[in-house]
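Enquirer: Here it is, the structure, as structure tokens.
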Amino acid sequence: LARVQLSQAYTGQTVSVGVVLVNGVQYPQGSSLVLLFPKPLSFPQPPGLLSCPSSAVSVSDCIDLNAMDNPRATSALVLSQPSIGCTADYSCVVISLRTLPVPLTPISFNLTGLLLPMEEVAGPLLAQVFSVDSSNITIESTNGGYPLPSIAAAPLVGVFANFSSQLAAATTDVSVSFSLSNPLVAGQSLWLTFPAGYSTATASLEFLQFVSAGGSVVTYAIANLTSPATLQAGQVAYVIPQNASFASGSAVSLKLSGVVNSPTPGPPGNLVISASSYRGLATMRTALTLAALSPARLASASASLSSQQTGARSTLTLAFTSTVDMPSTTQLLLTLPSGFGLCAASGGAGLLSGTVQVGAGGPTFPVTTCPYGTRNCSVPVCGPTSASFSMLQINLTSVPDGTVTLGTAVTFTVTYLRNAVTEGLPGPLSVQVRRPGVCDPCAAEPAVSWGGVKDLYLVTNGLL
């Protein structure tokens with residue numbers, strides 16, 4: 001009998017409904033077309049009826065059949081007229097067919113003024129279409145109804161978010177601004193849902209401000225607001241106070257402090273900004289793709305050598321506070337300063353050894369240390385003037401998972417380090433924390449501070 005299509009399907013929007021009659025049928029005198037739209041879809045005002053030729057590309061190409069100066073405006077368009085199927089569960093439109101061609105050829109028209117609900121509707125809505133004669137006896141019908149699309153939460157307008165830090169695991173301030181596409185009233189809530197891995201446990205609202213189209217400003221502090229009981233990890237939300245009401249088009253801005261970024265570098269996902277009704281159903285929603293996070297910086301990183309003699313074999317001590325979780329699959333990649341390297345004592349090749357101590361006076365675990373890029377952990381004997389392998393990989397395979405987490409202080413010691421043979425201040429030591437398949441690197445420190453660097457002049461020329 002017919003095809004029915006909404007021009008769009010967002011909450012709170014007033015839309016047009018396209019109807020196409022597809023059958024050529026001889027209708028008796030006084031026949032009508034009955035369209036039933038399931039509530040909460042409604043027509044607050046009598047809808048417009050536009051006849052649209054097949055060549056129409058927009059509503060402006062259609063003829064308003066209800067216009068007073070339209071010679072074809074004899075069709076009766078009535079809301080909620082008692083007829084077949086018109087019940088309290090439906091918004092009912094009855095259209096007389098006497099002005100349409102008989103026998104009826106395929107023709108399309110638009111109903112304007114259908115108001116979609118303020119809350120999203122997840123399931124499909126079924127529109128019913130009947131053609132009836134003057135005695136309300138059905139001529140044709142859409143068996144089972146015609147499915148309309150789900151009603152999605154209307155997108156917010158002009159959404160913008162700024163993070164004061166784009167480092168993984170960093171504590172950041174978050175500023176967000178947008179305009180309302182639907183009204184926001186007392187009892188409804190405004191939500192920010194951060195991607196997985198972000199923490200809002202220490203987040204605090206600095207301000208929430210509304211500016212109406214007329215320029216009036218309302219600003220709330222955290223003391224003026226409450227949060228919904230359904231709040232989950234990674235979310236912040238605030239209930240609009242009693243007697244407050246903000247019209248669509250109002251500009252909204254807010255600032256949060258104390259949000260902690262995901263500890264995993266790379267694209268974090270979407271920040272979802274939404275509003276919900278008092279029943280918890282979304283009325284507006286926008287997902288904003290966030291910029292990629294850079295690897296975290298290690299905290300309080302320092303390094304020292306057991307010997308300051310040029311060319312000597314020494315032990316490297318590296319200490320820092322982890323800014324990421326470091327399970328047993330973690331690797332540390334150390335790039336030594338220029339002139340430094342790895343080599344064994346004279347008399348034969350050797351294996352690198354090392355340890356990690358967790359916390360001050362905490363347990364110590366062995367770590368596997370290997371020259372980066374080698375098939376085994378063997379290093380050559382130190383030569384008279386140089387050392388090879390300036391990159392070192394430390395594997396934490398012997399450290400139980402959950403031992404080194406974000407905020408844990410660790411101290412690594414590595415033997416078989418060969419000092420530079422040239423006097424002077426050592427250059428920077430670079431450290432990367434890697435988790436293959438998860439993040440590479442997860443954290444990085446391009447220039448670890450050498451403790452007491454002014455005292456690290458290699459003042460002798462003795463060789464091992």
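The values are calculated or read from the model by the stated rules, or taken from the named source; none is laboratory data. None of these values were measured; they are calculated from a predicted model. Neighbour counts run over all protein chains shown; Cβ positions are idealised from the backbone, glycine included. SASA here: full protein model, heavy atoms, side chains in, ligands and nucleic acids out. Shrake-Rupley method; radii C 1.70, N 1.55, O 1.52, S 1.80 Å.
Enquirer: Is the shape of region 164-322 best called rounded, prolate or oblate, per the rule: a/c under 1.5 gives rounded, else a/b larger than b/c gives prolate, else oblate, with a ≥ b ≥ c the square roots of the Cα gyration tensor eigenvalues?
Expert: On the way: a/c = 3.23, a/b = 3.08, b/c = 1.05.
It comes out prolate by the Cα gyration axes.
Enquirer: Any idea how far the Cα center of region 181-244 sits from the one of region 117-164, in Å?
Expert: 30
Enquirer: Relative to the compact globular guide of 2.2 N^0.38 Å, what is the alpha carbon radius of gyration of region 271-315, as a ratio? Display every interim value, and only then the final one.
Expert: Details: Rg = 26.1 Å, N = 45, 2.2 N^0.38 = 9.3 Å.
In units of the globular-protein estimate, region 271-315 measures up at 2.80.
Enquirer: Same structure, new question: With all distinct Cα pairs included, what does the Kirkwood hydrodynamic radius of region 232-369 come out to in Å, to one decimal, could you say?
Expert: Working: mean 1/r = 0.0474 Å⁻¹.
Value: 21.1 Å, from the Cα pair sum.
Enquirer: I want the local charge near residue 408. Using Cβ-Cβ distances under 14 Å, sum +1 for each Lys or Arg and -1 for each Asp or Glu among the other residues.
Expert: Details: positive: none; negative: 325, 401.
Its environment carries a net charge of -2.
Enquirer: Next question, about the same structure. From largest accessible area down, sort 118, 284; use a 1.4 Å probe on the protein chains.
Expert: Values: 118 85, 284 0 Å².
If we order 118, 284 from most to least accessible, we get 118, 284.
Enquirer: Order the following by accessible area, largest value first: 255, 39. Probe radius 1.4 Å; ligands, DNA and RNA are ignored. Numbers along the way, then the final one.
Expert: Details: 255 70, 39 110 Å².
The residues order as 39, 255, largest area first.
Enquirer: Among rounded, prolate and oblate, which fits region 208-301 when a ≥ b ≥ c are the square roots of the eigenvalues of its C-alpha gyration tensor, a/c under 1.5 means rounded, and a/b larger than b/c means prolate?
Expert: On the way: a/c = 2.00, a/b = 1.93, b/c = 1.03.
Here region 208-301 falls in the prolate category.
Enquirer: Taking a quarter of the surface of the Cα convex hull of region 172-220, what do you get in nm²? Don't skip to the end; give the middle numbers.
Expert: Working: hull surface 18.9 nm².
Spelled out: convex hull of the Cα atoms, projected over all directions, averaged, 4.7 nm².
Enquirer: Take the alpha carbon atoms of region 418-444, find their center, do the same for region 294-341, and report the distance between the two centers in whole angstrom.
Expert: One Cα centre to the other: 6 Å.
Enquirer: Would you kindly find the accessible area of residue 3, with a 1.4 Å probe and non-protein molecules such as ligands, DNA and RNA excluded, rounding to the nearest 10 Å²?
Expert: So the heavy atoms of residue 3 present about 120 Å² to solvent.
Enquirer: All other residues with a Cβ under 11 Å from the Cβ of residue 341 taken together, and with Lys, Arg as +1 and Asp, Glu as -1, what is their net charge?
Expert: Numbers: positive: 313, 418; negative: none.
Computed value for this residue: +2.
Enquirer: Leaving ligands, DNA and RNA out of it, rank 179, 449 by accessible area with a 1.4 Å probe, largest first.
Expert: Values: 179 35, 449 65 Å².
The most accessible residue leads, giving 449, 179.
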